[in-house]
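**Student:** Attaching a single structure in structure tokens format; questions to follow.
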Amino acid sequence: MTWPRALPWIALLLLAGLVLGDVHLPRWLDGGASALRAGGSAPAQLERVIDGDTIVAQVDGREERVRYIGIDTPETVKPDTPVQCFGPQAHELNARLLGAAGAPLTLRFDRELRDRYGRLLAYVFRGGDGLFVNARLIEAGAARTLAISPNTSRAAQLSGLQRDARAAGRGLWSAC
């Protein structure tokens, strides 16, 4: 049988397997993000810390740049932007909270998975004890809230933590 004649049969078998279960599309057909779903979560391993609100992690077998949802830390590595007040401290705290490369993490997603730069958007939780890293950075005064619709499911929680950090003069609220 030639390829042009076999192709409809192959497609039919693949479709039957998908419908009946136990057959999954290869990554190159499903966009490569089969385990990543809006509103879902995924295990990850820390590769490196970029700055106070961005990391690189192994997620679903791929290296992903992950931007924390709901927070913004002062810049330290943005091109053509000077290092901002409290930026190095935010970067250092983020690195300390996450630990060494290979540390287990859980990423929880909101309504949109990626930003316009292709970064994965996530609430980041430490693997061992479940510490909510985004919240801890706000609590310590190392970050400000940044609510960008539609990823706002934890905005009220983060806003309350920022109010407390500001009132107590923690971190950038007294340093900058």
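The values are calculated or read from the model by the stated rules, or taken from the named source; none is laboratory data. Source: prediction; values computed, not measured. Here the Cβ is made from the backbone with ideal geometry for all residues, glycine too, and neighbour counts use every protein chain on show.
**Student:** Considering every residue within the stretch 81-97, establish whether at least one is closer than 20 Å to Ala42 by Cβ and surrounded by fewer than 17 Cβ atoms within 10 Å (Cβ to Cβ).
**Tutor:** So far as the stretch 81-97 goes, no, none of its residues is closer than 20 Å to Ala42 by Cβ and surrounded by fewer than 17 Cβ atoms within 10 Å (Cβ to Cβ).
**Student:** How many of the residues in the stretch 117-147 are more than 19 Å from Ala95 (Cβ to Cβ), without any contact (Cβ under 8 Å) to a residue 60 or more places away in the chain and of a type in the set (A, V, I, L, M)?
**Tutor:** Of the residues in the stretch 117-147, 1 are more than 19 Å from Ala95 (Cβ to Cβ), without any contact (Cβ under 8 Å) to a residue 60 or more places away in the chain and of a type in the set (A, V, I, L, M).
**Student:** Is it the case, given these coordinates, that Leu46 is in contact with a helix residue (DSSP H, G or I) (Cβ under 8 Å, 6 or more places away or on another chain), farther than 23 Å from Ser159 by Cβ and not polar (S, T, N, Q)?
**Tutor:** Considered against the rule, which asks whether it is in contact with a helix residue (DSSP H, G or I) (Cβ under 8 Å, 6 or more places away or on another chain), farther than 23 Å from Ser159 by Cβ and not polar (S, T, N, Q), Leu46 comes out as yes.
**Student:** Val77: at pLDDT below 95 and either in contact with a helix residue (DSSP H, G or I) (Cβ under 6 Å, 6 or more places away or on another chain) or of a type in the set (Val, Ile, Thr) (or both), yes or no?
**Tutor:** For Val77, the condition - at pLDDT below 95 and either in contact with a helix residue (DSSP H, G or I) (Cβ under 6 Å, 6 or more places away or on another chain) or of a type in the set (Val, Ile, Thr) (or both) - is met.
**Student:** So, one more: Does the stretch 58-74 contain at least one residue that is more than 22 Å from Ala155 (Cα to Cα) and surrounded by 18 or more Cβ atoms within 10 Å (Cβ to Cβ)?
**Tutor:** So far as the stretch 58-74 goes, yes, one or more of its residues are more than 22 Å from Ala155 (Cα to Cα) and surrounded by 18 or more Cβ atoms within 10 Å (Cβ to Cβ).
**Student:** Going through the stretch 37-92 one residue at a time, which ones are under 16 Å from Gly141 (Cβ atoms), within 13 Å of the chain's Cα centre (by Cα) and small (Gly, Ala, Ser)?
**Tutor:** Gly52, Gly70
**Student:** Now for a different question. Residues that are at pLDDT below 95: which helices (runs of 4 or more DSSP H) entirely in the stretch 121-176 hold 1 or more of them?
**Tutor:** Output list reads 172-175.
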